[in-house]
Amino acid sequence: MYFLLSFLLFVTSIAVCLVYSYQMVYAMILGYILLAAAAMRRGSRLSTVLRASVLGVKEALLVIEILLLIGLLTAEWRAGGVIAFFVYHGVGLITPKLFILIAFLLTCFISYALGTSIGVAGTAGVILMAIARSGGVNELLAAGAILSGVYFGDRCSPTASSANLIAALTKTDLYGNVSRMLRTALIPTAVCIAAYCFLSFNNPLYISNGGYLAEIKKDFVISWWALLPVAVMFCFLLMRIRVKYALIVSSAAACIIACAVQGESAAELLHTAVFGYYPQDAVMGDIWNGGGLVSMAGIIMILAISSTYAKILSVSGLLRQLNEIVEAMMRRIGKSCTVILSSLFASGIFCSQITSCIMAATLLKKQYTKRGQPKEELALDLENSLVIIAPMVPWCLSCSVPLKLLGVGVEALRWEFYIFLIPIYYFLGKEIHFRRASVYRRFLRSWLGSYRFL
């Protein structure tokens, strides 16, 4: 009963933070205090709880390191004009009858390079929405196409925090996971392209984009040298060099471009690396703002605190009870339905993609191990469920923040085809086409690759 009351209080604190726009970290801190109190009430010592907390944070250090480097990269790419370069040339390619389709493809590419939904929605997304509104395009449709592209990279980019977190939680290879995610995205992405192409012809753009291009050129020197940091990033990723080295070298290349082409000083770049890029004299300054190590502080705090939850639940014995519930669900409704329902529950309760990933992976990992399922399958199931389902929950940060940046309501969700097609295609395909064990093993070989356990 005490745990149930603590849980209800935790959920209430999350709701309060959402309603009054407080930082979610306050709810996470309260959740930690309540969980620790529940564990001690069940007989755990304070020292045991603290040791479990430290262990949980230690396991999250690798992801924290990647998050800091992503903050550094997004800041230096802004300062070097890398993002402006792609937005400029992307907007320049827009033809009136293909606006919706190009908005989807452009945000797909940029989000895959950056690995962040919020960063892309706040830069390219804002510009594309301004063009859509002034050109008479249905703003909800435009937002849906933009966010579909944004979540493409947020799910399967090697630089995405969710991809790195899932790899760390399941102890799988990041690049192997990315390869499998891209395979499972082929059909849904093709359907999105066809749908947005059809909708583009029915919602053409009625103005020229020259005004926006001129304003971008006032803020940055549009140079082909901006391709260097991106080329470095993709070369490192293709060679399967550890992602942190790709982030470091790409950030260094962006710094060189910022100094040589954009005229930034070393002191300005150091300030940008820590506090983010905030140009004082930019015509479109609010659009380019962001990035930096400090910008990741809130996410890192949420990750560090929430990473202790599973460990505290484990030492208190509460995790065993939750595992029993999950096991009963798998017996009654099947694995796929359990994964999807767990994803919806975690996203709806914790309102944070990071916290939801940690809790869902902790609960499902034991069940997959007991059934002899490979950890690579668990990683792929989580990526195709929780990571892409979180943007469906209106009050989840993965959904509410990008919607706010684009200035649209939850009505835009019905046009975000990508986030619905991924789980539907993946889980229906597994249940319908790969029901028999022999066929299912061939499915694992083709989708998960050749591993010794097969």
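The values are calculated or read from the model by the stated rules, or taken from the named source; none is laboratory data. Owing to the predicted nature of the structure, the values given are computational and were not obtained by experimental measurement. All Cβ positions, glycine included, derive from the backbone under ideal geometry; neighbour counts span all protein chains shown. Heads up: the accessible areas ignore ligands, DNA and RNA and are worked out on the full protein's heavy atoms, side chains in. Shrake-Rupley method; radii C 1.70, N 1.55, O 1.52, S 1.80 Å.
Close contacts from segment 299-328, counting a first residue that is at positive phi and a second that is at pLDDT 80 or above and assigned to a helix (DSSP H, G or I), with Cβ to Cβ under 9 Å and a gap of 6+ residues or different chains, come to Gly317/Ala39.
When you scan segment 119-128, do you find a residue that is touching a strand residue (DSSP E or B) at 6+ places or on another chain (Cβ under 7 Å) and either part of a loop (DSSP other than H, G, I, E, B) or farther than 24 Å from Pro204 by Cα (or both), even just one? Step through it out loud before you land on a result.
In the first step, residues of segment 119-128 are kept if they are touching a strand residue (DSSP E or B) at 6+ places or on another chain (Cβ under 7 Å); the result is 119, 122.
Adding the requirement that they be either part of a loop (DSSP other than H, G, I, E, B) or farther than 24 Å from Pro204 by Cα (or both) leaves 119.
Yes; the residues of segment 119-128 include at least one that is touching a strand residue (DSSP E or B) at 6+ places or on another chain (Cβ under 7 Å) and either part of a loop (DSSP other than H, G, I, E, B) or farther than 24 Å from Pro204 by Cα (or both).
Restricting attention to segment 135-151, and to residues there that are open to solvent by 30 Å² or more (accessible area, probe 1.4 Å) and either outside any loop (DSSP other than H, G, I, E, B) or closer than 25 Å to Pro229 by Cβ (or both), which single residue is modelled with the highest pLDDT?
Just the residues of segment 135-151 that are open to solvent by 30 Å² or more (accessible area, probe 1.4 Å), to begin with: 136, 138-140.
Next, only the ones that are either outside any loop (DSSP other than H, G, I, E, B) or closer than 25 Å to Pro229 by Cβ (or both) stay: 139-140.
Values: Glu139: 89, Leu140: 93.
The selected residue is Leu140.
How many residues does segment 227-271 contain that are outside any helix (DSSP H, G or I) and surrounded by fewer than 20 Cβ atoms within 10 Å (Cβ to Cβ)? Residues in segment 227-271 being outside any helix (DSSP H, G or I) and surrounded by fewer than 20 Cβ atoms within 10 Å (Cβ to Cβ): 7 in total.
Hey, any hits in segment 192-208 for a residue that's within 17 Å of Trp77 (Cα to Cα), within 21 Å of the chain's Cα centre (by Cα) and part of a helix (DSSP H, G or I)? Break it down into steps so the answer makes sense when it comes.
Filtering segment 192-208 down to residues within 17 Å of Trp77 (Cα to Cα) leaves none.
No: segment 192-208 contains no residue that is within 17 Å of Trp77 (Cα to Cα), within 21 Å of the chain's Cα centre (by Cα) and part of a helix (DSSP H, G or I).
Of note, Ala163 satisfies the criterion of being touching a Leu at 6+ places or on another chain (Cβ under 8 Å), more than 17 Å from Thr107 (Cα to Cα) and either buried (at least 24 other Cβ atoms within 10 Å of the Cβ) or not β-branched (Val, Ile, Thr) (or both).
Would you mind listing the helices (runs of 4 or more DSSP H) fully within segment 297-411 where at least 2 residues are open to solvent by less than 30 Å² (accessible area, probe 1.4 Å) and modelled with pLDDT under 85? It would help to see each step written out before you state the result.
Values: elements: 297-306, 309-316, 318-333, 335-350, 353-370, 375-383, 386-389, 397-406.
Once the helices (runs of 4 or more DSSP H) in segment 297-411 are filtered for at least 2 residues that are open to solvent by less than 30 Å² (accessible area, probe 1.4 Å) and modelled with pLDDT under 85, what remains is 297-306, 309-316, 318-333, 335-350, 353-370, 397-406.
Going through (1) part of a helix (DSSP H, G or I); (2) at pLDDT 80 or above; (3) within 21 Å of the chain's Cα centre (by Cα) one by one, Gly292 falls short only on (1).
List the helices (runs of 4 or more DSSP H) inside segment 1-90, counting only whole elements, that have at least 1 residues being open to solvent by 60 Å² or more (accessible area, probe 1.4 Å), among the charged types (D, E, K, R) and more than 30 Å from Tyr112 (Cβ to Cβ). Don't jump to the end; show me each part of the working.
Numbers: elements: 2-19, 24-41, 46-79.
Filter on segment 1-90 gives 24-41, 46-79.
Taken over segment 238-272, the criterion of being in contact (Cβ under 8 Å) with a residue 24 or more places away in the chain and under 24 Å from Ala168 (Cβ atoms) is satisfied by Arg240, Val243, Lys244, Ala246, Leu247, Ile248, Ser250, Ser251.
If I filter segment 203-213 for residues that are open to solvent by less than 60 Å² (accessible area, probe 1.4 Å) and over 30 Å from Leu141 (Cβ atoms), do I get at least one hit? No, that holds for no residue.
Can you tell me which of Leu61, Leu67 is at negative phi and touching a residue at least 12 places away in the same chain (Cβ under 8 Å)?
Numbers: Leu61 fails: touching a residue at least 12 places away in the same chain (Cβ under 8 Å).
Only one candidate passes the filter, namely Leu67.
Inspect all residues belonging to segment 69-86 and state whether any of them is over 29 Å from Ser251 (Cβ atoms) and touching a Ser or Thr at 6+ places or on another chain (Cβ under 9 Å). No, there is no match, as no residue in segment 69-86 is over 29 Å from Ser251 (Cβ atoms) and touching a Ser or Thr at 6+ places or on another chain (Cβ under 9 Å).
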